Amino acid sequence: MTVSRRGVLGLIGGGTIVAAGAGGGVFALTRTPEKALAPWSAAGGYTEPRKRALSYAILAPNPHNRQPWLVDLKQPDMVTLYRDKDRDLPHTDPQARQLTIGLGCFLEMMTIAAGETGHAVDLDLFPEGENGPVAVARFREGGSRDPLFQYVMTRRSCKEPFDD
């Protein structure tokens, strides 16, 4: 019998939970990561279109779960997206390729979510070159719903091997 890495971790983790439960730590059996799940619970909880779209955008897949984004909302109907260089991965992503893909996922998720409230997003990518903002997003009326939005909250990354 072959056990995947996830299976091994589950067995090890299960043994730890049982041991903790036997010692009166029933809390370990019912504990959920409330803080980690908070953004998923808050998604869509804003009436202002940019904030609503951003509440979904922060759920976008991103490398090593770094959330390498900073946003500026100073201008009305505009979001300026920056890469948070303090979250760079110099050893595993020296050219910031993975982080750039993650920022693209963020922008796509924001655009899809904006369509739910009838807003379109016009993107100006790297308007000042690679050392400036990643994008300037202008929100306007006239967007349409994207059929992918219905899957946003159930999106998951499969870590299991695929059949050949």
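Among the residues of the range 116-129, are any in a helix (DSSP H, G or I) and in the same structural domain as Tyr56 (by TED's automatic domain parsing)? Within the range 116-129 (the criterion being in a helix (DSSP H, G or I) and in the same structural domain as Tyr56 (by TED's automatic domain parsing)), the answer is no, since none of the residues qualifies.
For (1) in a strand (DSSP E or B); (2) surrounded by fewer than 18 Cβ atoms within 10 Å (Cβ to Cβ), each residue gets a yes or a no:
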{"position": "Ala53", "(1), (2)": "no, no"}
{"position": "Leu70", "(1), (2)": "yes, yes"}
{"position": "Gln75", "(1), (2)": "no, yes"}
{"position": "Val79", "(1), (2)": "yes, no"}
{"position": "His91", "(1), (2)": "no, yes"}
{"position": "Gln95", "(1), (2)": "no, yes"}
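Taking the range 123-154 as the range and being free of Cβ contacts under 8 Å to residues at least 40 places away in the same chain, in contact with a Gly (Cβ under 9 Å, 6 or more places away or on another chain), under 20 Å from Lys51 (Cβ atoms) and of a type in the set (A, V, I, L, M, F, W, C) as the test, only Phe149 passes. One residue stands out among those in the range 155-164 that are touching a residue at least 40 places away in the same chain (Cβ under 8 Å) and under 22 Å from the mean Cα position of the chain (by Cα): the one that is nearest to Leu73 (Cα to Cα), which is Arg155.
The values are calculated or read from the model by the stated rules, or taken from the named source; none is laboratory data. Source: prediction; values computed, not measured. Counting neighbours? That spans all protein chains shown, and the Cβs are built from the backbone with ideal geometry, glycine included.
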